[in-house]
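One structure is given below, encoded as structure tokens.
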Amino acid sequence: YVPSGDWLFIVAPYSSGEITEVLRSPVSISEDAELRTSLNLQTVQGVNVSFQLQEALTLSNLTNQRVKAISQNGFGQITFEKTNETGYTTELLMPGQWSLELNYSTSTKHWILNTSDTPFNTDDHDGEFNLDLGTLEADLEVQIGGKVYWQISSETQKGIEGMEVTIVSSDELTVNQTIETDEF
């Protein structure tokens, strides 16, 4: 017995001969017995999706990162294994349309990847049910900071509180943010 509502039926990947089959099926449970009994669910061959994850600006490999695959077909989310030392990872996905997301922060850095505007379809696999997405680049945002002084001398370094500082990207479009200095 389960409450009425929307559910996701999941069958863990299993090997059937030389192929691996999966099932992720959204189901709406209502009071109508015909819609909630005698359900027919069938597994399908999964698609091995792989990619390399790099930082966009430096093109350095991002290691130990977990990227989420988000189904555009109601199959839920699947978290990829951590990226290895070359930034590479792979995961078995239910056939369909998916987007990828990474939102990871340290104390001073934040990496973002979001392909929801450009999802991929596992139908584009190589015929052997493998789909290599190539190299994906995560954007990096970093924390910056410092002090604004009235004057800099070896004797006096009095900071200015309440001063507005505007940070503008070189294209003057990507970043245009004003912050205010705090108390020192």
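The values are calculated or read from the model by the stated rules, or taken from the named source; none is laboratory data. Because the structure is a prediction, the values reported are computed rather than measured. Heads up, the Cβs are rebuilt from the backbone with ideal geometry, glycines too, and the neighbour counts pull from every protein chain shown. The accessibility values were calculated without ligands, DNA or RNA, using every heavy atom of the protein model including side chains. Shrake-Rupley method; radii C 1.70, N 1.55, O 1.52, S 1.80 Å.
Stretched out straight at 0.36 nm per residue, the stretch from residue 59 to residue 164 would grow longer than its current Cα-Cα span by 34.4 nm. On a per residue basis, the chain carries 68 Å² of accessible surface, using protein heavy atoms and a 1.4 Å probe.
Of all lysines in the structure, those lying under 21 Å Cα to Cα from residue 68, and not within fewer than 8 positions of it along the same chain, are 82, 109.
Our estimate of slack between residue 139 and residue 177, defined as 0.36 nm per intervening residue step minus the Cα-Cα distance, is 11.9 nm. Once you have a ≥ b ≥ c as the square roots of the Cα gyration tensor eigenvalues for the chain, tell me rounded if a/c is under 1.5, and otherwise prolate or oblate according to whether a/b is larger than b/c. Because a/c hits 1.5 or more and a/b exceeds b/c, the chain counts as prolate. In this Cβ point-charge picture (+1 for Lys and Arg, -1 for Asp and Glu), the stretch 99-142 has a dipole of about 320 debye about its Cα centre.
Over the chain, what is the relative contact order in percent, taking alpha-carbon pairs closer than 8 angstrom and at least six residues apart? Can you show the working numbers first?
Values: 370 pairs, mean separation 30.3, N = 184.
Computed over the chain, the figure is 16 percent.
Note down the magnitude of the dipole of the stretch 47-184 about its Cα centre, charges +1 on Lys and Arg C-beta and -1 on Asp and Glu C-beta and zero elsewhere, to the nearest 20 debye.
Working: 6 positive and 22 negative charges, 77 e Å.
For this selection, approximately 360 debye.
Peptides 45-52, 70-77, 170-177, 7-14 ordered by packing proxy, namely the average of other Cβ atoms within 10 Å per residue, highest first: 45-52, 70-77, 7-14, 170-177.
Heavy-atom surface analysis with a 1.4 Å probe gives the stretch 64-169 a carbon and sulfur content of 44 percent of its accessible area. Across the stretch 78-83, coupling constants 3J(HN,Hα) worked out from phi with the 6.51/-1.76/1.60 Karplus curve, θ = phi - 60°, read 10, 9, 5, 4, 4, 5 Hz, and Gly and Pro carry x. Label-to-label distance, residue 27 versus residue 68, with points set 7 angstrom from Cα along the beta-carbon direction: 2.5 nm. Computed from label points 7 Å out along Cα-Cβ, the spacing between residue 37 and residue 18 is 4.3 nm.
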